[in-house]
1. Between GLY73, GLY98, which is at pLDDT 95 or above and either out of contact with any Cys (no Cβ under 6 Å at 6 or more places or on another chain) or more than 21 Å from PRO189 (Cα to Cα) (or both)?
2. So which of ASP126, ASP145 ends up being surrounded by 14 or more Cβ atoms within 10 Å (Cβ to Cβ) and acidic (Asp, Glu)?
3. Would you call ALA152 more than 16 Å from the ligand (Cβ to nearest atom), out of contact with any helix residue (DSSP H, G or I) (no Cβ under 9 Å at 6 or more places or on another chain) and not in a strand (DSSP E or B)?
4. Just the residues that are within 19 Å of LYS198 (Cβ to Cβ) and either within 18 Å of the chain's Cα centre (by Cα) or surrounded by 18 or more Cβ atoms within 10 Å (Cβ to Cβ) (or both), please, taken from region 70-93.
5. Could you grab me the full set of residues in region 166-189 that are farther than 17 Å from PRO127 by Cα and at pLDDT 95 or above?
6. So which of TYR125, TYR133 is within 15 Å of LEU197 (Cβ to Cβ), at pLDDT 95 or above and not in a loop (DSSP other than H, G, I, E, B)?
7. Look at region 69-115 and say how many of its residues are in a loop (DSSP other than H, G, I, E, B) and either within 15 Å of the ligand (Cβ to nearest atom) or in contact (Cβ under 8 Å) with a residue 60 or more places away in the chain (or both).
Amino acid sequence: MRRMLSKIRVTTTIAAIGVATTAAAPAVAADGPKVTMHFGVARVAGWAQEAQARAAAAAEGPFAPLIGELDLGSGEAALGAARSGHLHAGQDLFAPAGTPLTAVADGVVAAAGSDGGQGNYVHLYDPERGLTYVYMHMVQPAAVDTGDRVSAGQRLGGVGCTGSCWGDHLHFEIRAGRGMSGEPRDPLPALRDWEPLKRPR
Ligand SMILES: [Zn+2]
C-alpha cells in the first residue's frame, strides 16, 4: 500500500508540472491494483486536456492591432499629449495607408461607424478582459458592423487618415469597460507586449 501511494505521488507530481502525458499511467498500472490505474489514467488525461486548452487559449491573442512594425512616433503620439482643447486619449501608430488593422482579442463590436473626428472607426469590446479597443481614422468604413462577434486577429479595416487627422496613422485607445465612457489607459505597455501578426487571421 505504501509503495502504491508513493507511485501515485510520483505520477501526480510529474503530471502537475506538465512533463508527463499518458506515458506516466502505465508506471502506476504495472504493479498497482486496477483502480489505481484508472485513477492515474483519468487524472493524467485531464491534465493533458487542460494543458491543451491553455495552449489554445494562449494562441488566441492578444495581438498587435496592426500588421507590421510598430512605429510609435514621438511624444506627441503618446497618451496625454496636448491637443487643441483636450489631452490625447490614445497612442498613435504610424503606418502606410491600407495597412491591415486586426482585432486585438476575441470580442464584440460595440460600435462601428464614421464621424468627423474619429473618421471610420471600430470600438471592439473584449469581455474577457473588460476592455474596449478603439481604432480611428481607418481608410474605409469598417469591415465589421456594430454587434458583430470577431475573433482575435480578424481584419477590421485598414490604416488611413479619415476624420480629424494629419497623416496616415492608427489612433488606438484602450478604455476600461464597454464603449467609450471608460477611463482611457496607456496602450504603450500592452503594445510592446502583444504578439505581432504577419497577416490577419
Ligand atoms: Zn491619436
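The values are calculated or read from the model by the stated rules, or taken from the named source; none is laboratory data. The model shown is predicted, which means the values in this text are computed figures rather than measured ones. With ideal geometry, Cβ positions are generated from the backbone for all residues, glycine too; neighbour counts draw on all protein chains shown.
1. GLY98
2. ASP126
3. So ALA152 passes the test.
4. LEU70, LEU93
5. GLY167, ASP168, HIS169, LEU170, HIS171, PHE172, ASP186, PRO187, LEU188, PRO189
6. Just one listed residue meets the conditions, TYR133.
7. Number satisfying all stated conditions: 20.
Condition check ((1) among the polar types (S, T, N, Q); (2) part of a strand (DSSP E or B)) across all residues:
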{"residue": "ASN120", "(1), (2)": "yes, yes"}
{"residue": "ARG129", "(1), (2)": "no, no"}
{"residue": "HIS137", "(1), (2)": "no, yes"}
{"residue": "ARG201", "(1), (2)": "no, no"}
